[in-house]
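These notes concern the structure reproduced below.
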Amino acid sequence: MSPSTDADTSDHANPFESTEAYYAEYRPRYGDDPLDYLVTRFDLDESARVLDLGCGAGHLALPLAAAAGEVVGMDPNEEMLRHARRLADDEGRENLSFLVGSDADLAEFTDDLAPLRLTTMGRSFHWMDQSQTLDTLRELTEPGGGVALLTDREWLTKGTDAWQEAVYELAAEYLDDIPARVDPTTIEYDDPWDELLADHGFVDVETRTFPVEREWDADGIVGYVFSLSFCSPATFGEERESFETALRAQLADVDSETFVQHTVVEVITGRTSSR
């Protein structure tokens, strides 16, 4: 499978500018099952060094630090990393550090990163130079280690529930460039990520999906929308408050205080050869 989490492309140097606080608080976590799977599959223990590339606010890096000996989170957005550091401090994670940088900077940090047991990319791989990133990571990874691509469905444009469509329609009244809503079951990708891993020398490629049920309240829905690159507070400009007021009124009209989302977290992994 391929991108399923956020806008596929952006010309903006920092597409998540103004989303950071919302991203840190309201983007959903991945749940225990995908993390347990990674810990088992890659034998994560005190001897393991893990890179979370495109770590954002640390939603993957923090739970990984509970299992691995050392975790490095790397992201080009310094404000996002500020939130990640705060969350790490709150949890007392002394084996978690952060670097400002993107996939384009990996070669610069070779001496600081290698050897890696595992590199995770959660909701971030679609932003990267994918082929170059995989080639570089393969060289940085210890024999038998690997990479893991984690995604879940971005519900504003790809959710299938009526309440998600209603939120989208309201956002589309305010924004001209919001991506179109699509049925995720009909999407076909030209370059599926499992095949891409194999094409770049990773072996034992495996795709696992983990069903997730999430409950959203009004604060969570508003915060999630503002966490998206294409619905950031900056994109709404002077109409941000007007949109939020209208959205909260719309949600209050529904005879429910919570909104249920049924989705899956998908994890695609591959290993380096045990040379």
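Read the figures in this text as sums done on the coordinates, not as results from a lab. In this text, all values refer to a predicted model and were calculated from it rather than measured experimentally. Every residue, glycine among them, receives a Cβ derived from its backbone with ideal geometry; neighbour counts consider all protein chains shown.
So which GluC sites (Glu not before Pro) in the range 116-204 are both in a DSSP loop and have at most 11 other Cβ atoms within 10 Å of their Cβ?
Sparse-neighbourhood loop GluC sites (Glu not before Pro): Glu188.
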*Linear extension gain, Asp105 paired with Ala198, 0.36 nm per residue minus alpha-carbon span*: 31.2 nm
*Report, by chain and number, residues whose modeled amide H sits under 5 Å from the one on Gly145, excluding near sequence neighbours (fewer than 5 apart, same chain).*
Thr272
*asked:* Could you work out [θ]222 nm for the chain from helices alone, using -39500 (n - 2.57) per DSSP H run of at least four and dividing by all its residues? Round to the nearest 500 deg cm²/dmol.
replied: -10000 deg cm²/dmol
*asked:* Using a 7 Å offset from the Cα along the Cα-to-Cβ direction at both Asp255 and Thr209, what is the distance between the two label points in nm, to one decimal?
replied: 3.3
*For the pair Asp219 and Glu91, how long in nm is the line joining their label points, each one 7 Å along Cα→Cβ?*
2.0
*asked:* Need the full-extension length gain, Ser274 to Glu139, defined as separation in residues times 0.36 nm minus the C-alpha distance. One decimal, nm.
replied: 47.3 nm
*What angle, in degrees between 0 and 90 and rounded to the nearest 10, separates the Cα long axis of helix 218-227 from the longest principal axis of the Cα atoms of the chain?*
60
*asked:* Tell me the relative contact order for the chain as a rounded percent, counting alpha carbon contacts under 8 Å between residues six or more apart.
replied: 25
